[in-house]
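Colleague: Provided herewith is a single structure, encoded as structure tokens, for subsequent inquiry.
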Amino acid sequence: CSDRWRESRIQGKIDCASQRRSFACNGQCVSLLLRTHVPRIMIYVHIPFCKSRCLYCDFFSSTSHSLKQEYLFSLREEISARSEEIKRARVNSIYIGGGTPSQLPVEYLQSIFHSIEQVTPIEEGAEVTIECNPDDITEEFLQGLSLTPVNRVSLGVQTMNDELLSLLHRRHKSA
């Protein structure tokens, strides 16, 4: 069954209905074919808000938080506008970077994930990462984050030298 499937795939036959008729394997090859042809995508979400501006950062960011709600609305609109492009895909990686995504309220993060899941599923086992500043990590923040698909935190430490942290305009200390 799998040899026939590979052979038909090499010949460029990807019509699922014809594959189903040509294989007598109780649908196993067809489901394999369908899973193989579902595109996998990675999504990067940029959160441009920071509590303070780091000296070395070249990414677009703002220390003005007055536009957070408007930005969230625009971001959700963008996800919706791209729905035709990604609706048949499976998300196997999401990276929320910035700026400082941990400056967003957890409810905003939940809203972003909900918007993505309205368009296309996030695969089980997908790597979902959020960048955080050490000063933003609180028990309350982590509890809220546990209600999202996030399973990886990228902690922006940069150095454990307090003098260098100060020079870089980082908010946190090494301790």
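The values are calculated or read from the model by the stated rules, or taken from the named source; none is laboratory data. Remember, predicted model here, so these are calculated numbers, not experimental data. Glycine gets a Cβ as well: all are built from the backbone with ideal geometry, and neighbour counts include every protein chain shown. Just the protein is used for accessible areas: all its heavy atoms, side chains included, with ligands, DNA and RNA removed. Shrake-Rupley method; radii C 1.70, N 1.55, O 1.52, S 1.80 Å.
Colleague: Counting just the residues of the range 124-151 that are acidic (Asp, Glu) and surrounded by fewer than 17 Cβ atoms within 10 Å (Cβ to Cβ), which one comes out farthest from residue 91 (Cα to Cα)?
Modeller: Only one residue tops the list, namely 135.
To keep it simple, each residue is scored yes or no on (1) in a helix (DSSP H, G or I); (2) open to solvent by 60 Å² or more (accessible area, probe 1.4 Å); (3) within 25 Å of residue 121 (Cβ to Cβ).
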residue	(1), (2), (3)
41	no, no, yes
53	no, yes, no
58	no, yes, no
69	yes, yes, no
75	yes, no, yes
84	yes, yes, yes
94	no, no, yes
97	no, no, yes
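Colleague: Which ones in the range 108-132 are in a strand (DSSP E or B) and of a type in the set (Val, Ile, Thr)?
Modeller: Answer for the range 108-132, where residues must be in a strand (DSSP E or B) and of a type in the set (Val, Ile, Thr): 122, 128, 129, 130.
Colleague: In the range 52-84, what residues are of a type in the set (Asp, Glu) and modelled with pLDDT under 85?
Modeller: If the condition is that a residue be of a type in the set (Asp, Glu) and modelled with pLDDT under 85, then 58 is the only one that fits.
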